[in-house]
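Please treat every number below as a calculation from the coordinates, not as lab data. All of these numbers come straight from a predicted model, not from anything done at the bench. Because the Cβ atoms are built from the backbone with ideal geometry, glycine has one as well, and the counts that use them run over all protein chains shown.
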Amino acid sequence: MNTEDHYRETHATWDSIAGPYEELFMDLPIYDQTYVQFCELLPHAKASVLELGCGPGNIARRLLEIHPDLDILATDVAQNMIDLARKNNPSIRTQLLDCRYLDSLSGSFDGVVCGFTIPYLAAEDVANLIAHCSRLLNPRGVLYLSFVPGSNDRSGFISGSTGQRTYFYYHDRETVKEQLIQNGFNRITEEEIIYERAGGAIETHLVVHAQKNTL
Ligand SMILES: C[S@@+](CC[C@H](N)C(=O)[O-])C[C@H]1O[C@@H](n2cnc3c(N)ncnc32)[C@H](O)[C@@H]1O
């Protein structure tokens, strides 16, 4: 099985588990403070925000609770996620988009949100995504990135309760940070969030806010 097969299976799984994901994660409050921080870094309450891997629109909904007039374009590779994101946030725009192919996107944004999407991207695609986010962001634009830090060697297929699999990538936090710096992000903050999985296993999640061209 090659990387392309991993992606194909992972994307099909996300499409078919969109409903259960919505049920479990639509109202999870543990990242709320990180969304407040993101909004504080935006230039104004009507800022333009691109979301990559929006899922059922859980983050968009939180952002709109903070600033109801944000102009959000939410994207995901799974059509069922897009449908839920639109149902849950009637004011946003949506687009079916594989974030490995951001060269197809034009325009510019004040913020990009990428919540737990890079765990489904190989390291070289993460590097590419960061470069595109830098291109798509306005001066002083802010990127929100969350992932599970760890050695790339631990990456592999994981199965959920339905038995369907996703290929899960761990990413090295220092490598991600270096890529951000190389792409013009010079104000970077990190926050660790402790997450307890169903069954009791504890995971450390990393939320990064990275801003471009600040003095
Ligand atoms: C763990 S969920 C995160 C959803 C939401 N952002 C959150 O933080 O709860 C991962 C999402 O990334 C999407 N995804 C995975 N690979 C993607 C890709 N290559 N391009 C766009 N979306 C992708 C999945 O369909 C899924 O909706």
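Brief remarks follow.
- The slack between Thr175 and Ile30, meaning 0.36 nm per residue of separation minus the straight C-alpha distance, is 49.7 nm.
- One quarter of the convex hull surface built on the alpha carbon atoms of the chain amounts to 11.0 nm², the projected area averaged over directions.
- Here the residues Cys39, Cys133, Cys54, ranked from fewest to most Cβ neighbours within 10 Å of their Cβ, fall in the order Cys39, Cys133, Cys54.
- The packing ranking, built from the mean of other Cβ atoms within 10 Å per residue, places the peptides 13-23, 120-130 in the order 120-130, 13-23, highest first.
- Model label sites at Met1 and Ile188, defined 7 Å from Cα along the beta-carbon direction, differ in position by 3.1 nm.
- R0 of 45 Å, Cβ-Cβ distance Ala45-Phe157: FRET efficiency to nearest 0.05: 0.60
- Length added when fully stretched, Ser106-Gln79, from 0.36 nm per residue minus Cα-Cα: 7.6 nm
- Whole-Å semi-axes of the ellipsoid equivalent to segment 36-115 (Cα gyration tensor, √5λ, descending): 19, 15, 10
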